[in-house]
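Read the structure below first, then the notes.
The values are calculated or read from the model by the stated rules, or taken from the named source; none is laboratory data. Just so we're clear, the structure is a prediction, and the values are computed from it rather than from any experiment. Every residue, glycine as well, gets a Cβ built from its backbone with ideal geometry; the counts of neighbours run over all protein chains shown. Quick note on the areas: whole protein, heavy atoms, side chains included, nothing else; ligands and nucleic acids left out. Shrake-Rupley method; radii C 1.70, N 1.55, O 1.52, S 1.80 Å.
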Amino acid sequence: TNQPIAARADENFLATAILDEAPTPEFPVGASFDRRIELIGYDLDMPGGDRVGPSQRFTITWYWRCLAPVPGSYSIFLHGDGMGQRLNGDHEPVDGRYPVRLWSEGDIVVDEQELSVPANFPPGTYTLYVGFFSGEARLEVVEGSEDAANRVIAGTFEVR
């Protein structure tokens, strides 16, 4: 019952959320969380090409690889920090339809996230910090650019 029907479109929401092969993201990262999840990288879709303005929306498409099952109930956190501000993008992957606890070894998960920049955000460079949390616990960053709080430094984005 979970197999696509020949000559009919696959309507399973996971059909587009799980890839068979790793993509080539615009921004490769290559970070590992507890040797269980790899952040392959991400793509940015900005309304101004390479920047976003206050009160505008932009999209990040994250590419994750599950290296081993993750025990517990972890969610993804995203902090866009800069200019004394924080853009908070904590979320359940795939719009909450494919939580981390269900990921299987080998899954390459496509997680598209839309964010809104508040009207009071000043222009400047904001750093993207990303990781996994469950309550106060975080998965340890064991590979990749990180800070002392088990957050991967994924890259930056510009607010203009």
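Observations on the model:
- The equivalent ellipsoid that matches the C-alpha gyration tensor of the range 20-71 spans semi-axes of 27, 12, 8 angstrom, in descending order.
- Long-range tail of P(r) for the range 84-160 (Cα pairs > 19 Å, %): 49 percent
- Placing +1 on the Cβ of every Lys and Arg and -1 on the Cβ of every Asp and Glu, with nothing else charged, gives the chain a dipole about its Cα centre of roughly 300 debye.
- For the chain, the solvent-accessible area with a 1.4 angstrom probe is 53 square angstrom per residue.
- Here the chain has 45 percent of its accessible surface on carbon and sulfur atoms, given a 1.4 Å probe and all protein chains in place.
- Using C-alpha pairs under 8 Å with a sequence gap of at least 6, the mean separation divided by the residue count of the chain gives a relative contact order of 27 percent.
- The stretch between residue 88 and residue 11 holds 24.6 nm of extra length on full extension. This uses 0.36 nm per residue minus the Cα-Cα distance.
- Each Lys or Arg adds one and each Asp or Glu takes one away; over the other residues whose Cβ falls under 13 Å from the Cβ of residue 75, this sums to -3.
- The range 2-41: trypsin sites (Lys or Arg not before Pro) in DSSP coil with no more than 11 other Cβ atoms inside 10 Å: 8
- Across the range 1-52, Cα pairs under 8 Å and at least six residues apart give a relative contact order of 24 percent.
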